[in-house]
Structures are given as C-alpha cells and as structure tokens.
Amino acid sequence: MWIDEPEQNAMLMDRFQQQVNQEYQEFLGQCRDFHSELSEERETSNLTFAELEENEAELTKLRSWLPKIRDRDLFDAQGYSQATEALKAYELDFQLFTEQVYQAQRIDS
C-alpha cells in the first residue's frame, strides 16, 4: 500500500512513528506512576499483600501492553528501547517491593 512518491511515503512513516512514540511515552508515564506508587507505599509502611497483588496486576498489564505497542511499531520508533529499560526497572523495583512485603508480613513462630 505504499505510494510511489517518496515524499508521501516519508510523511506516512513519520506519522506512524509519531503515533507509536506517543504510545511509548504513555507507557513510560505509567512506569513512572508505578514507581511513585511503590515509593508511596514504602513511605507509609503500607507493605501488605493486598498492595502487592494490586501492583502485580499493574505489572502484568505493562508486560502485556509493551508487545502490543511493539507490534504497531512498523518502523522501529525510537521509544522502544527506553520503554524496555523502564519496564525492567519497574520489574526490579517490584521485586524489591515483594521482598519488603514478605519481610514486613513475616510471622515469627
């Protein structure tokens, strides 16, 4: 479905990349929000299994969302690598949060 005119093809490609980069930016915003959420839970000592489950559900959403964006990324927009790194950082933060919840909820026998 490519048009024979290079100028129009470049415009279409640029438009696709802009749309996908916008999605990547939204994804990055969600990662930042979840980091903030975990920080807030730590500050308020709200280290509960309910919070853990809630944040695990959000991580699952992020893990399924990024491949969907990538599937629409037909021209390798620049936001993918940054989004991948942000997801990895969130996964590490979530892992630490998980350990903190289990430690806080530890029941001594």
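The values are calculated or read from the model by the stated rules, or taken from the named source; none is laboratory data. All values derive from a computational prediction rather than experimental measurement. Because the Cβ atoms are built from the backbone with ideal geometry, glycine has one as well, and the counts that use them run over all protein chains shown.
When you go through 54, 91 one by one, which is the residue that is within 19 Å of residue 26 (Cβ to Cβ), among the acidic types (Asp, Glu) and at pLDDT 95 or above?
91
For residue 77, indicate whether it is assigned to a helix (DSSP H, G or I) and of a type in the set (Gly, Ala, Ser).
no
Among the residues that make up the range 58-65, is at least one of them surrounded by fewer than 16 Cβ atoms within 10 Å (Cβ to Cβ) and over 22 Å from residue 98 (Cα atoms)? It would help to see each step written out before you state the result.
Pass one, the range 58-65, residues surrounded by fewer than 16 Cβ atoms within 10 Å (Cβ to Cβ): 60-61, 63-64.
Going one step further and asking which of them are over 22 Å from residue 98 (Cα atoms), we end up with none.
No, the conditions are met nowhere in the range 58-65.
Report yes if some residue within the range 95-105 is among the charged types (D, E, K, R), part of a helix (DSSP H, G or I) and more than 12 Å from the chain's Cα centre (by Cα); otherwise report no.
Yes, some residue in the range 95-105 is among the charged types (D, E, K, R), part of a helix (DSSP H, G or I) and more than 12 Å from the chain's Cα centre (by Cα).
Tally time: how many residues in the range 37-55 are among the small types (Gly, Ala, Ser) and either under 13 Å from the mean Cα position of the chain (by Cα) or outside any helix (DSSP H, G or I) (or both)? Write out each step before concluding.
Step one: of the range 37-55, the residues among the small types (Gly, Ala, Ser) are 39, 45, 50.
Checking the rest, the ones that are also either under 13 Å from the mean Cα position of the chain (by Cα) or outside any helix (DSSP H, G or I) (or both) come to 45.
The qualifying residues number 1.
When you look at residue 74, is it of a type in the set (A, V, I, L, M) and crowded, with 18+ Cβ neighbours inside 10 Å, yes or no?
In short, no.
Can you tell me how many residues in the range 62-88 are modelled with pLDDT of 90 or more, charged (D, E, K, R) and farther than 12 Å from residue 23 by Cβ?
Number of matching residues: 3.
Can you tell which of 19, 82, 25 is in contact with a Gly (Cβ under 8 Å, 6 or more places away or on another chain) and either polar (S, T, N, Q) or in contact (Cβ under 8 Å) with a residue 60 or more places away in the chain (or both)?
Numbers: 19 fails: in contact with a Gly (Cβ under 8 Å, 6 or more places away or on another chain); 82 fails: in contact with a Gly (Cβ under 8 Å, 6 or more places away or on another chain).
Just a single option satisfies the conditions, and that option is 25.
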